[in-house]
Amino acid sequence: MPERLIRAINSPTKEKTESVLFSWNDTKEMRQKDSSMYVFMNDYDKSVKTDIYSAFLQYGVHPVVWSKRDSVINELVA
C-alpha cells in the first residue's frame, strides 16, 4: 500500500491550511511518488469554508470533514 499521511485540524483556518500545505509541499518530493496526504477537519462546531477545502484540493491533498470520515476508510486501511 502507498504511504498515506494524515493531519487533523480542529479549527480549520487560513493560517492552519497554509501551514499544512507548506509542510506537505516541503516534504512531498522526498517521499515516494504514490504518497498521499489526508487532512481531517472538524466540522461539528462550524462548517469548513469552501476556500479552505478548495485550497487542499488544489495542492493534491485529500480534505475530509470529520462528519464524513467514514467515506475514506477503505482508502486508509492497510
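Residue ranges 43-50, 60-67 sort as 60-67, 43-50 when ordered by packing (mean number of other C-beta atoms within 10 Å per residue, highest first).
I need to check one value: relative contact order of the chain, counting alpha carbon pairs closer than 8 Å and at least 6 residues apart, in percent. Before the final figure, lay out each step's value.
Numbers: 90 pairs, mean separation 27.8, N = 78.
Worked out over the chain, it gives 36 percent.
Within the straight-line cut-off of under 19 Å between alpha carbons, the aspartates and glutamates reachable from K68 are D43, D45, D51, sequence neighbours fewer than 8 places apart in one chain being disregarded.
If you rank L57, L21 by fewest surrounding Cβ atoms within 10 Å, what's the result? Walk me through the numbers before you get to the answer.
Values: L57 10, L21 18.
Taking fewest neighbouring Cβ atoms as first place, the list is L57, L21.
Name the most mobile residue of K14, K33, K68, meaning the one with the largest mean-square fluctuation, in a Gaussian network model of the chain with Cα contacts below 10 Å. Residue with maximal mean-square fluctuation among K14, K33, K68: K33. A helix-only calculation puts the chain at -10500 deg cm²/dmol for mean residue ellipticity at 222 nm, using -39500 (n - 2.57) for each DSSP H run of at least four residues, averaged over all residues. In the structure shown, the pairs K16/K49; K28/K49; K14/K46 are assessed against 21 Å; a Cα-Cα span above that value is assigned to K28/K49. Taking Cα centre as origin and charging only the Cβ of basic (Lys, Arg, +1) and acidic (Asp, Glu, -1) residues, the dipole magnitude of the chain rounds to 60 debye. Among F22, F40, F56, determine the one that fluctuates most according to a GNM of the chain built with springs between C-alpha atoms less than 10 Å apart. Fluctuation is largest for F22.
When the Cα gyration tensor is reduced to axis lengths a ≥ b ≥ c, the ratio a/c is 1.5 or higher for segment 33-78, and with a/b not above b/c it is classed as oblate.
By how many nm would the segment from D26 to S47 lengthen if fully extended, with 0.36 nm per residue of separation less the alpha-carbon distance? Please list the in-between numbers first.
Working: separation 21, 0.36 × 21 = 7.56 nm, distance 2.81 nm.
Computed gain between D26 and S47 is 4.7 nm.
Every read-out reported here was derived from the displayed coordinates using simple, explicitly stated rules and does not represent laboratory data. If you're wondering where the values come from, they're calculated on a predicted model, not measured in any experiment. Please note: Cβ atoms are built from the backbone with ideal geometry, for glycine as well, and neighbour counts cover all protein chains shown.
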